Amino acid sequence: MAAAIVILPLIFGDGYYLNAMNFIAIYSIVAIGLCLLTGYGGQFALSHAGFFAIGAYASAILSIKTGLHPLVSILLAQVIAALTALGIGAVVLRLKGHYLSIATLAFTVIVEVLLKNLVSLTGGLQGLSSIPRISIGTFALDSDWRYYFIVWPTVLFLLLFSLNLVDSRIGRVFRTLKEGENIAQLFGVEIWSHKVRLFVLSSVYASIAGSLYAHYVSFVSPSVGAVMFAIEIVLAIAFGGYTMLWGAMLGVAAINFLNEYLTVFAEYKRPIYGFALIVIMLFFPNGLLDGLMTGIRRFLGLIKIVKGHPHA
């Protein structure tokens with residue numbers, strides 16, 4: 001994967017596709033975080049658009065209004081997002097199932113409303129512009145090409161960290177929580193504290209992506225925390241597989257290109273995505289990609305059986 005990421009810019013060149021790859025990288029960070037929370041922790045939350053917005057706006061405000069270096073602003077933004085996630089998670093994670101989804105969706109809606117109404121701080125519907133680009137010394141990430149080789153290594157690092165996490169002891173605890181909290185209790189697991197930890201980690205992933213987005217686009221508006229964005233991220237991991245971290249990246253790529261090439265159906269995007277999500281959850285409970293791979297394995301196994309018994 002790393003080799004492919006290095007080669008792709010040489011194939012695409014500096015233009016539309018390189019720009020699209022940068023956005024796929026940013027949104028993949030959100031999807032990987034949600035995959036950890038939903039696929040491995042069993043907590044179906046719709047708050048990641050809100051935390052994406054918090055990361056974007058916190059970093060932008062700190063950079064513009066206080067003059068802090070973008071890297072310092074990004075770090076402080078993650079602290080703000082983590083503390084917010086800790087406060088929200090301590091309350092909403094006492095809920096389960098649909099109640100948790102509704103509570104986290106309400107949080108996203110509240111964040112979007114605050115962004116629109118705190119005009120003196122957030123710029124309201126006009127948003128914030130002239131956000132400084134990330135720079136390392138005199139080296140500014142002021143082009144798609146330069147940003148590409150910062151954002152994609154960040155994605156790979158977070159992906160590697162996530163893969164190691166789910167295979168660790170605490171990762172097995174998270175998977176046990178998904179299978180059944182009663183089982184986890186039998187092994188002496190502190191359920192609530194582990195759920196909060198996973199929620200905070202997952203939310204910080206979204207916040208990191210939001211900060212990277214703000215300093216890449218140099219503009220943020222309340223649309224970054226829209227409910228539709230939350231649904232698209234859920235649909236991305238539904239495409240890629242709830243327990244397939246690398247599949248989350250493929251799901252983001254699929255959604256990104258669907259948004260680009262199906263603009264003729266833009267008016268019907270919400271019902272189409274809603275219907276697709278319902279179908280996937282009904283017939284592919286572990287995700288579309290996982291379901292297709294399982295189907296292919298079964299088909300190949302059937303062919304092998306038939307070949308082994310030619311008279312069957």
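Please treat every number below as a calculation from the coordinates, not as lab data. The structure displayed is predicted, hence computed values, not measured ones. Please note: Cβ atoms are built from the backbone with ideal geometry, for glycine as well, and neighbour counts cover all protein chains shown.
With +1 on each Lys and Arg Cβ and -1 on each Asp and Glu Cβ, how big is the dipole of the chain about its Cα centre, in debye rounded to the nearest 20?
The calculated dipole for the chain is roughly 660 debye.
With an 8 Å cut-off on Cα pairs and a minimum separation of 6 or more residues, tell me the relative contact order of segment 2-265 in percent.
39
How far is helix 16-34 tilted off the main Cα axis of the chain, in degrees rounded to 10, range 0 to 90?
It is inclined by approximately 70 degrees.
Where does helix 144-166 land angle-wise versus the long Cα axis of the chain, in degrees 0 to 90, nearest 10?
Taking the Cα atoms of the chain, the angle to 144-166 is about 50 degrees.
Which one of V279, V109, V173 has the biggest mean-square fluctuation once the chain is modelled by GNM with Cα springs under 10 Å?
Its mean-square fluctuation being the largest, the pick is V279.
Roughly how big is segment 85-204's charge dipole about its Cα centre, with Cβ charges of +1 (Lys, Arg) and -1 (Asp, Glu), in debye to the nearest 20?
That gives a dipole near 220 debye.
Quick one: check the C-alpha center-to-center distance for segment 167-224 versus segment 86-108, whole angstrom.
Here the two parts' Cα centres lie 13 Å apart.
Quick one: L235, L159, L198, fewest Cβ neighbours within 10 Å first, how do they rank?
Placing the least packed residue first, the sequence is L159, L235, L198.
Expressed as a whole percent, how much of the Cα-Cα distance distribution for the chain exceeds 29 Å?
38
Taking neighbour Cβ counts within 10 Å as the exposure measure, how do I208, I305, I5, I61 sort from fewest upward?
I305, I5, I61, I208
Tell me, what is the percent relative contact order of segment 1-119, built from C-alpha pairs under 8 Å that lie six or more residues apart?
The value is 28 percent.
Full-extension gain between R297 and A106, please, as 0.36 nm times their residue separation minus the C-alpha to C-alpha distance.
64.7 nm
Please work out whether segment 45-199 counts as rounded, prolate or oblate from its C-alpha gyration tensor, where a ≥ b ≥ c are the square roots of the eigenvalues and a/c under 1.5 means rounded, while otherwise a/b larger than b/c means prolate and anything else oblate?
Oblate, because a/c is 1.5 or more while a/b does not exceed b/c.
Classify segment 206-283: rounded, prolate or oblate, from the alpha-carbon gyration tensor (a ≥ b ≥ c, eigenvalue square roots; a/c under 1.5 rounded; otherwise prolate if a/b is larger than b/c)?
Taking the square roots of the gyration eigenvalues as a ≥ b ≥ c, segment 206-283 is oblate.
Top mean-square fluctuation among G171, G247, G210, Gaussian network model of the chain, C-alpha springs under 10 Å?
G171
Angle check, please: helix 191-217 long axis (alpha carbons) against the longest principal axis of the chain (alpha carbons), in degrees 0 to 90, nearest 10.
In the chain, helix 191-217 runs at an angle near 60 degrees to the longest axis.
What range in the chain is the longest one free of trypsin sites (Lys or Arg not before Pro) that are in a loop by DSSP and have at most 16 other Cβ atoms within 10 angstrom?
Between exposed loop sites, the widest span is 134-312.
Say we join alpha carbon atoms closer than 10 Å with springs in a Gaussian network model of the chain; which of E190, E267, E181 then has the biggest fluctuation?
Ranking E190, E267, E181 by mean-square fluctuation puts E267 first.
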